[in-house]
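Q: I am attaching a structure below and will ask some questions about it afterwards.
What follows draws every value from the coordinates through simple rules; no lab data is involved. The model shown is predicted, which means the values in this text are computed figures rather than measured ones. Neighbour counts are summed over all protein chains in view; Cβ atoms, including those assigned to glycine, are modelled from backbone coordinates with ideal geometry.
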Amino acid sequence: MPDLITHSIFNHIVRRFYDIKKNHSPFSGVIIFFYLGTILPDILTRPVYIIFPETHDYIIFLHTPIAIFFFSLLLVQFLSDNIRKAAFINIIAGSYLHFILDSLQKQVTGNNFWLFPFSWHNFGYGLFWASQYLGFLPVTIFILIVLELFLRFIKRI
């Protein structure tokens with residue numbers, strides 16, 4: 001599911017199910033960092049791919065868990081001390097859910113180097129091609145709407 005909308009909707013659904021299960025949210029106050037983490041791997045790499053397509057082999061390391069980990073550490077240094085830890089955890093959680101979704105799609109060049117820099121093994125499962133996300137998008141939006149309506153109904157009871 002390559003598009004940022006699908007990543008964001010799916011991660012929102014996962015977060016809301018976690019909220020239901022725990023009856024409180026560890027995301028409160030820093031929820032924006034969870035969504036930032038959701039799109040961060042693509043934000044770091046896609047603009048470079050589009051502008052300079054020949055740099056794909058040189059920039060692919062930014063779309064790895066270890067690169068996101070260190071980039072997140074750098075990013076949270078600009079935040080106040082009282083939210084730094086929660087923001088870091090939310091960025092990592094959102095990013096790793098992004099990687100899990102990416103691992104479901106087929107890749108021509110590979111994009112799921114979870115063990116980089118120790119291995120260049122692609123951990124993709126190849127369930128669908130990146131161009132097939134449009135078929136999943138209406139279903140994902142429907143699930144999101146049903147979930148939000150259900151949660152609003154529960155709050156009224």
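Q: Of S119, S8, S95, how do they rank once you tally other Cβ atoms within 10 Å and put the fewest first?
A: S119, S8, S95
Q: Taking other Cβ within 10 Å of each residue's Cβ, how do E148, E54 sort, fewest first?
A: In increasing order of surrounding Cβ atoms, one gets E54, E148.
Q: Where does each of H12, H63, H56 land when they are ranked from fewest to most other beta-carbon atoms within 10 angstrom?
A: Going from sparsest to densest Cβ surroundings: H56, H12, H63.
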